Amino acid sequence: MSRKFSFTVSYSVPVEELHRAITSDELWQDRFEGAETATLDLSHDDGPGTIRVHMTEKVRPERIPALVRKVLKNDLVVARTDNWGPLDGDTARGVFSGTSQGITTKMSGTYEMRPAATGSEVVVAGTVAVKVPLVGGAIEPLAEQLQRRVVESESKFIDYWFASKGES
């Protein structure tokens with residue numbers, strides 16, 4: 001069984017600036033600087049104004065919900081790949097996929113970056129499935145919450161990143 005989800009994250013910068021940042025290596029390298037349990041692989045296979053961001057991270061045990069810790073067989077390692085397309089007018093679209101090791105989880109969905117009254121926003125829509133007998137359905141909302149927290153954390157980082165560069 002899988003669970004659908006959707007949420008919107010706001011950014012304080014216009015779409016053009018947000019897209020330029022999200023498709024730059026510099027933003028992602030700064031974001032992952034000092035992350036000892038994470039890996040980052042960046043490429044621009046679809047040309048300028050696009051990016052493929054592949055991230056993995058070993059989740060610290062204290063950050064894993066108790067329900068998940070009970071069914072883990074070893075370390076929880078999450079992997080996520082974001083593919084952002086070019087800016088088309090005032091919107092950009094992307095897709096994401098994610099998996100985990102330790103428990104079998106699959107997540108996939110779409111991003112839509114568009115203008116908003118205070119800058120821009122990204123609409124995230126997707127599905128998550130957790131393949132754990134009996135408790136998979138209870139873990140799916142936790143996986144959804146994790147995706148939301150990650151994207152919101154990235155939003156805060158991006159706002160900080162722009163502020164530290166004196167932009168916007």
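A few remarks follow.
- When the chain is described by a simple charge dipole with +1 on each Lys and Arg Cβ and -1 on each Asp and Glu Cβ, the residue from Gly34, Leu18, Ile103 located farthest towards its positive end is Ile103.
- The charge dipole of the stretch 1-68, taken about the Cα centre with unit charges on the Cβ atoms of Lys, Arg (+1) and Asp, Glu (-1), comes to about 540 debye, rounded to the nearest 20.
- With the charge dipole of the stretch 58-126 set up from +1 on Lys and Arg Cβ and -1 on Asp and Glu Cβ about the Cα centre, the Cα lying farthest toward the positive end among the listed residues Gly94, Val77, Val124 is that of Val77.
- Each distinct pair of alpha carbons in the stretch 1-150 adds a 1/r term; the inverse of their mean, the Kirkwood radius, is 16.3 Å.
- Legend: translational diffusion of the stretch 93-168 by Stokes-Einstein, Rh = Kirkwood radius over C-alpha pairs, 10 °C, 1.306 mPa s; D = 112 µm²/s.
- Largest mean-square fluctuation among Leu146, Leu40, Leu87, in a Gaussian network model of the chain whose springs join Cα atoms under 10 Å apart, belongs to Leu146.
- For the stretch 58-127, the dipole from Cβ point charges (+1 on Lys and Arg, -1 on Asp and Glu) about the Cα centre works out to 580 debye, to the nearest 20.
- Assigned charges on the beta-carbon of Lys, Arg, Asp, Glu; the chain dipole about Cα centre (debye): 1060 debye
- Scaled against 2.2 N^0.38 Å for its residue count N, the alpha carbon radius of gyration of the stretch 24-85 is 1.38.
- In the chain, lysine pairs closer than 28 Å at Cα, eight or more apart or cross-chain: 18
- Placing one equal scatterer on every Cα of the stretch 50-90 and applying the Debye formula, the log10 ratio I(q)/I(0) at q = 0.16, 0.18, 0.30, 0.35 Å⁻¹ is -0.56, -0.62, -1.02, -1.15.
Only the coordinates and a few stated rules stand behind these numbers; no lab work does. Values in this document were obtained by computation on a predicted structure and should not be read as measured data. We place every Cβ from the backbone using ideal geometry, glycine too, and count neighbours over all the protein chains shown.
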